[in-house]
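Everything below concerns the one structure shown next.
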Amino acid sequence: WGILFSHPRDFTPVCTTELGRAAKLAPEFSKRNVKMIALSIDSVQDHLSWCKDINAYNGEQPAETLPFPIIADKNRELA
């Protein structure tokens, strides 16, 4: 199984809280062999900064990684 989180833009409050919650639940999804991936129209560099924001929101050290990747769709070819 897989879950695709499609988000319109990095750093939006709702998207940040949703991906923050998904990051917290990632171990539960992993136990069930569910692969998680996110999609956003911003660049990879924006995603790396956003990951720091999401981790800080979760009360963790601001790091450029999440337990799942974020696809950069800057040209909106996938979205």
Query - Vicinal HN-Hα couplings computed from phi for segment 8-18 (Karplus, 6.51 cos²θ - 1.76 cosθ + 1.60; Hz; Gly/Pro x) - result: x, 6, 5, 6, 6, x, 5, 5, 5, 5, 5
Query raised in the report: What is the set of long-range amide H partners of ILE3 at a cut-off below 5 Å, with H atoms built 1.01 Å from backbone N?
Result: LYS35, MET36, ILE37
Report summary line: Summing -39500 (n - 2.57) over every DSSP H run of at least 4 in the chain, dividing by its residue total and rounding to the nearest 500, the 222 nm mean residue ellipticity is -14000 deg cm²/dmol
Query raised in the report: GLU64 to ARG9: FRET efficiency via 1/(1 + (r/R0)^6), r the Cβ-Cβ distance, R0 22 Å, to the nearest 0.05?
Result: 0.75
Query raised in the report: Just GLU18, GLU28, GLU64 to compare: in a GNM of the chain, with alpha carbon springs under 10 Å, which one fluctuates most?
Result: GLU28
Query raised in the report: [x] 30, 23, 19; [y] 34, 29, 19; [z] 96, 44, 24: which one is Cα extents along the principal axes in Å as calculated from this entry?
Result: [y]
Query raised in the report: Projected onto the charge dipole of the chain (+1 at Lys/Arg Cβ, -1 at Asp/Glu Cβ, origin at the Cα centre), which of ALA79, ALA26, CYS51 gives the Cα projection farthest towards the positive end?
Result: ALA26
Requested in this report: Pop out the ³J(HN,Hα) list for segment 26-40 in order, Karplus 6.51 cos²θ - 1.76 cosθ + 1.60 with θ = phi - 60°, rounded to Hz; leave Gly and Pro as x.
Outcome: 3, x, 5, 5, 4, 4, 9, 6, 9, 8, 10, 8, 10, 9, 8
Requested in this report: Please report, in debye to the nearest 20, how large the charge dipole of the chain is about its Cα centre when each Lys and Arg carries +1 at its beta carbon and each Asp and Glu carries -1 there.
Outcome: 300 debye
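Each reported figure results from applying straightforward, stated rules to the coordinates on display, with no laboratory input. Bear in mind that the values here come from a model prediction, so they are computed numbers and not experimental data. Backbone-built Cβ (ideal geometry, glycine too); neighbour counts: all protein chains shown.
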